[in-house]
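Asks: What follows is a structure written as C-alpha cells; I'll ask about it next.
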Amino acid sequence: MIDLSLLSDGGMPWLDASGAHADLVLSTRVRLARNLRDRRFGLKNDAAERAEVLVEVEAATRDTEALSGAMLLRLDRLESDDRALLHERHLVSRDLAGLETGNVRPGAGLIVQNRVGIMLNEEDHLRLQGLQSGFALPEAYQEVNALDSELGQRLAFAFHPEFGYLTSCPTNVGTGLRASVLIHLPGLVLTKEITKVLQGLSQVGLTFRGLYGEGSEVVGNFFQLSNQTTLAKSEFDLLDHLGKMVRQIVEYEEQARHILLRDAPAVIEDKVWRAYGLLCHARSLSVEETMNLLSGARLGVALGLIPNVSLYTLNKLLVLTQPAHLAARYQGAAGLTPSEIDIHRASYVRETFQHEDRTL
Amino acid sequence: MMRCQHCDERDAVVHLTQIIENQVTTMHLCEACAAEKGIESSGPGTMPLNTEFLATVGKGVGAGLPGMEDAPHATCPTCGLTMQELRDLGRLGCVDCYKAFEGPLRELLRRLHGSTTHVGERYTPPDAGDGPPVEEATELRERLKEAVEAENFELAAELRDLLRTAE
C-alpha cells in the first residue's frame, strides 16, 4: 500500500472542517486545465510522449514555490487499490486512476503538496488543482493561480489569442477553470426545495454533481456545485458568479433548517438521533447507507442537537468508509464478500465514535 | 410505462441523464426513488437536468457539430484527427486541430459558452521572444483572406470584426 503519511493530513487537509461556512460547505476546489503547446494532447499522444510530459512538468515544478518539495506519485506504477484510494481522497479523477476500464494510462501521475497538486496526463497534460476546506474560492484560486503563473514561465502552454487556453475537450477551452464547492443541503432536500434550486442553477450557467464528481450520483445530500462554461468570462467573473450563487444557496439552506426546526422539531431531532444511533450501534453498513447516516448526523451536529461529535470526524468518515480505504484498513479485504465488508465498515464507524466520545 | 430501475415496483416518471466516462446514460426512476436521491420531477416525464446541454458534452460533443457536412473529410495535418473522430469522441488531438476544424469549432464554442472570445488572463509563453513576432492584425488578415477564398463567409465576417478591433 502507498504511504500517504508524508502528505499533510494524508492529503486531506481540505476536509478538516475549517474555513467559512464549514457546517454546510465541506470543501472548495479550483482546477485549471493546461496543455503543452508542442505536444499532442491525451487523445493522440503515445506512451513516450506522455513520459516526456511527465518528466518535463516534474522538472518545472521543482523550481516552483508551491511544489518544490512535492511528492510525485506514478499512478501507472500503482496497484488499482492504491489508485482507488487516491481517488477516494479526491486527489485524482476516476479517469486518471483508470478505475472504469481497469487500465491506467502510461505516464499518469500526481504531484501533490499541501493544498495544491497537478494531475499529469489526464485528458489534458496538466490539471492544476487547489483544494481548501470550507467555502474558500478566492484562496483556492490564489494558490492554483500562483502555481500556474510560475509553471507558465517555465513551460510553453497552448494558448490561442482568441480562444484562450486550448484543451482536449471544447467544454474546457478559454480559462480552463472549473471551480466547485462541495456543499451539504439536507434542509433543502427535506423541505423539497432542492429541485427548484438545482433547476435554477442550470439557468445561470452552473451545474451540480455528486460527491465524486462527474458521473457520480448525489448521495447523502452532498452536492458539488460548479461553473458550466469556461470561455467568454474572466476568471474573476466565473469565481464571483459561483460564489454569489453559493452564498445564496447557503442562505436558502439556513432558512430551510430554520423552518424545519421551527415547524417540525420533534421530527428533525428524531431523524438526526436515529442516524447517529445507527452509526454508533449498527453491525452492518453499506457505503450508501453510511453516507446517508453521516448526512443525518452532520445535520444534527450543525444544528447543535448532537453534542460531542466534531464535523472533522464526520468529514473524515465520508472518505475513510469508502471501499478502498476500508480494504486498506482490513488487509486482505479483497477476499471478503460485500456483506463481510459491510460488517467491517460498521465496526470501524462504531470504533471511531467510541474513540471520539473518550477524547472529548 | 417503464418500471423504476431502482425499486422495480413503480412506474418510472423521472428520466435522469448523466455522463459517465464519456457515455451518456439515462436512469429511469419513480417519483419516490428519485426524491430519495434528492431529485424530484416537476411533472411526469420532465427531466431535472438540462439534458439538452449535457447531451452535447462528452461523447456527443461533436454529434451536433455544425459544418461537418461541408468538410466531412477534414483531417488535422499534425495529429491526424479526423472530422469523424472529433464527432464521435468530442475531443481535440493537438493545438493545430483548433485551426484544422476552426469553422465547426467556432460554432460549437459559441453554442457551449455563448461566445468564442477569451476574456480571461492573457498568456505569453516563455519562448515568445525567440522568433519574429507575428502581429495579431497580420495573422488575422491572413486568415481572413483564406476564409474568403474558401467562401466561408460566416467565418470571414467574424474575422473582419476581430480585425477591426485589433486595428
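All of the numbers you see were taken from the coordinates with simple rules; none came from a lab. Owing to the predicted nature of the structure, the values given are computational and were not obtained by experimental measurement. Note that we place each Cβ from the backbone using ideal geometry, even for glycine, and neighbour counts take in every protein chain shown.
Asks: So how many Lys-Lys pairs in chain A land under 25 Å Cα to Cα, not counting same-chain pairs under 8 apart?
Replies: Lysine pair count for chain A: 6.
Asks: Next up: Quick check: Cα centre of the stretch A:176-249 to Cα centre of the stretch A:277-343, how many Å?
Replies: If you average the Cα positions of each part, the centres end up 25 Å apart.
Asks: Mind checking which helices in chain A clear 24 Å along their axis (Cα) and have mean Kyte-Doolittle hydropathy of -1.0 or more, DSSP H runs only?
Replies: For chain A, where a helix must reach 24 Å along its axis and average at least -1.0, the hits are A:137-154, A:235-263.
Asks: Scan around residue A:27 for amide H atoms under 5 Å from its own, H built in the peptide plane at 1.01 Å from N, and keep only partners 5 or more places away or cross-chain.
Replies: Long-range HN contacts for residue A:27: A:134, A:182.
Asks: To continue, here is another question. Can you give the relative contact order of chain A as a percent, counting alpha carbon pairs under 8 Å and 6+ residues apart?
Replies: Values: 625 pairs, mean separation 65.9, N = 360.
Reported relative contact order: 18 percent.
Asks: Pairs of Cα atoms under 8 Å, at least six residues apart: use those to get the relative contact order of the stretch A:242-360, whole percent.
Replies: The value is 29 percent.
Asks: Pick out, from A:307, A:337, A:291, the residue whose Cα sits farthest towards the positive end of the charge dipole of the stretch A:289-351, with +1 on the Cβ of Lys and Arg and -1 on the Cβ of Asp and Glu.
Replies: The residue sitting farthest along the positive end of the dipole is A:307.
Asks: With the dipole of chain A worked out from charges on the C-beta (+1 for Lys and Arg, -1 for Asp and Glu) around the Cα centre, which of A:106, A:278, A:149 lies farthest toward the positive end?
Replies: A:278
Asks: In whole Hz, what ³J(HN,Hα) sequence does the stretch B:75-85 give by Karplus (6.51, -1.76, 1.60; θ = phi - 60°), x for Gly and Pro?
Replies: Values per residue, Gly and Pro as x: 9, 6, x, 8, 10, x, 4, 9, 4, 5, 5 Hz.
Asks: Which whole-number percent gives the relative contact order of the stretch A:276-339, counting Cα pairs below 8 Å spaced six or more residues apart?
Replies: 27
Asks: For residue B:99, which aspartates and glutamates qualify as cross-link partners when the Cα separation must be under 14 Å and same-chain residues fewer than eight apart are set aside?
Replies: Leaving aside aspartates and glutamates fewer than 8 places away in the same chain, those within reach of residue B:99 are A:162, B:107, B:139, B:142, B:146.
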